[in-house]
């Protein structure tokens, strides 16, 4: 065969292959076939209560309830880098799960596909829910099916093209979705081994990696269960690494301290705030002691992996330390102590993990928005830190953070006004 003919043949085959791939990606998907499980069984009160508890464990209401709206009726706006996504209505109405059955619900959780074949947006953490056992999925559906129906309309998603297409979702799935092993999940859900049970909770219902994973430009990661930390898109809070003891790793903590943090929102000088305060407020404080312990054991035995430190920087200039010290004395020392030692229930800043992380995001957001812990049974009236967004300029915030991150033995990098502006975002 002549070279030119061979080239034309190869070009034609390549073009046909590309067309075939394009057609496959764009072709409407049929609903994935599901093997029915006890299709005629009616849920009893025990199953419904079990489903209620699972909904609390997954904090489902957090994304599926609009501010001030009917619980689980959807409509909460979730900002993404590509536009807004609105939480779906999970009540048994025509606007929600009315007409769905347990198989349809399992298809959504396990495969990330709606009952009509549409691929779900990965804002719904199906990389985690695919690891939920079928029995738990059915119990959760039984609970949702017995909620009061609400016909509250849910706005259509406001995503930019091409992110609003099924083609884009199919590509994302091909890159980042790994379907869970249903048989393994069924065993892990009822495992006596606390490490296995804890892993089931962390990776599945708890969907911890939905926040604690670093994401690329497509909001994906080759390991969507990674817990090495990452910036939460648009919120500009940093979900710290659960693998690094210098960030949020608890490998060196006692089990009692880990359980107390998730149950009470604080333990010793450690406390939760920001997005994690919402998790404790609405979810983990309501877990059973057995599940809290299983999660704690799993987190305690996670491998250690140090977050890469930023390259060495120059020492902060004298002006930043002078002004930062003045602002600290004026606004911070009364609660955190002149030497960062902490006063009463207010945490010390000397050696403070949040303050010393390579990313100053959480310290910055706390200064801007204030620091408020959850109200829990064990800590019903948590002390809070007022916001300073209206009192301090970006340069003032940079200076006071630089001062606190470099004093009393602290050795974190200085913070610039540009850092503040970038992490502050649109707030």
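Only the coordinates and a few stated rules stand behind these numbers; no lab work does. Predicted, not measured: the structure shown is a model, and the values here were computed from it. Note: ideal-geometry Cβ built from the backbone for every residue, glycine included; neighbour counts use all protein chains shown.
Here are a few things to note about the model shown:
- On the beta carbon distance between residue 178 and residue 101, with R0 = 25 Å, the FRET formula returns roughly 0.45.
- Helix 289-300 axis versus longest C-alpha principal axis of the chain: approximately 80°, rounded to the nearest ten.
- Counting only alpha carbon atoms, the long axis of helix 166-176 and the longest principal axis of the chain meet at about 60°.
- Counting neighbouring Cβ atoms within 10 Å and putting the fewest first, the residues 46, 354, 70, 165 line up as 46, 165, 70, 354.
- If you plug the beta carbon distance of residue 167 and residue 217 into 1/(1 + (r/R0)^6) with R0 = 25 Å, you get a FRET efficiency near 0.90.
- Each helix, a run of at least 4 DSSP H residues, gives -39500 (n - 2.57); summed and divided by the residues of the chain, these come to -11500 deg cm²/dmol at 222 nm.
- Rounded to 0.05, the FRET efficiency of the residue 254 and residue 343 pair, given R0 = 41 Å and the Cβ-Cβ distance, is 0.95.
- Spin-label model, residue 421 to residue 49: label points 7 Å out along the Cα-to-beta-carbon direction sit 5.8 nm apart.
- Alpha-carbon centroids, the range 331-362 and the range 244-316: separation in whole Å: 17 Å
- Derived from the Cα gyration tensor, the three semi-axes of the equivalent ellipsoid of the chain are 41, 30, 21 Å, largest first.
- Here the contact order of the chain, divided by its residue count and restricted to Cα pairs under 8 Å and six or more residues apart, works out to 12 percent.
- Entry note, the range 318-424: relative contact order of 30 percent, from Cα contacts under 8 Å with a spacing of 6+ residues.
- Taking a ≥ b ≥ c as the square roots of the eigenvalues of the Cα gyration tensor, an a/c ratio of 1.5 or more together with a/b larger than b/c marks the range 145-270 as prolate.
- Residue 395-residue 269 pseudo-label distance in nm [points 7 Å out on the Cα-to-Cβ vector]: 3.3 nm
- Fully extending the segment from residue 67 to residue 322 would add 87.5 nm, taking 0.36 nm per residue of separation and subtracting the current Cα-Cα distance.
- Pair residue 195, residue 301: separation of 7 Å Cα→Cβ label points (nm): 0.3 nm
- Three-way shape call for the range 117-181 based on the alpha-carbon gyration tensor, with the a/c threshold at 1.5: oblate
- Three-way shape call for the range 276-393 based on the alpha-carbon gyration tensor, with the a/c threshold at 1.5: oblate
- Principal-axis tilt of helix 318-331 within the chain, Cα atoms, nearest 10 degrees: 90 degrees
- The range 272-386 - percent relative contact order, Cα under 8 Å, separation 6 or more: 29 percent
- Label zone at residue 290, where the point sits 7 Å out along the Cα-to-Cβ direction: the range 243-257 residues whose backbone N lies under 20 Å: 255-256
- By average C-beta atoms within 10 angstrom, highest first, the peptides 232-244, 292-304, 413-425: 232-244, 292-304, 413-425
- Annotation: the residues 143, 403, 328, sorted from fewest to most other C-beta atoms within 10 Å of their own C-beta, follow the order 328, 143, 403.
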